[in-house]
Amino acid sequence: MTLLMRPIEDDADSEWKEVLYDFRKTRSERELRMSELESQIAFSWHIIEGNSEEEAENKVSDVIQSYKSHYNSAILGKKYFEYCPVFELFEDFGSLLPNRIDMEDIITGNENVEGYKAARNFLSLAQLDYSFFQQPSSRILKTED
């Protein structure tokens, strides 16, 4: 179902676009008919209760306005994903940071070195590149053991 919630522009396949369009159109039409049916039922109930047509129409209109003021699932989903954090997933053992790694291995991309992927991912997340380690002051680079 999450594929059906994506914007149509994201899909390259024209057949899939057509299926998505038909699904969304059908769903929208169904929701509209259900809304109209619910309004008619509420209107009829107010008439049966002894209200005039005008009073019943006003009461139904008030209820509809109160529903429109609430979030629906699509709006809530969009709001949720606006604030949902992005997670970086790593492999189990290949993602463990090593105690030490040579900068030469990072620069040359030596993937055979233990912890290479983890070190590369860490530097990427920390937004550090090779130039950071070329700073003249070594105090920045050293840590206390």
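Summary table
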| quantity | calculated |
| --- | --- |
| Rounded accessible area of GLU38 (nearest 10 Å², 1.4 Å probe) | 110 Å² |
| Using θ = phi - 60° and Karplus 6.51 cos²θ - 1.76 cosθ + 1.60, couplings along the range 23-28 (whole Hz; Gly, Pro as x) | 4, 5, 5, 4, 4, 5 |
| Per-residue SASA entry for MET103, accessible area with 1.4 Å probe, Å² rounded to 10 | 60 Å² |
| LYS78 - accessible surface, heavy atoms, 1.4 Å probe, Å² rounded to 10 | 150 Å² |
| Rounded accessible area per residue of the range 15-69, 1.4 Å, Å² | 84 Å² |
| Pair ALA42, PHE133: separation of 7 Å Cα→Cβ label points (nm) | 6.5 nm |
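The values are calculated or read from the model by the stated rules, or taken from the named source; none is laboratory data. A quick note: this is a predicted structure, and the numbers were derived from the prediction, not measured. Cβ coordinates were reconstructed from backbone atoms using ideal geometry, including for glycine residues, and neighbour counts include every protein chain displayed. To get the accessible areas, we keep the full protein, side chains included, count just its heavy atoms, and leave off ligands, DNA and RNA. Shrake-Rupley method; radii C 1.70, N 1.55, O 1.52, S 1.80 Å.
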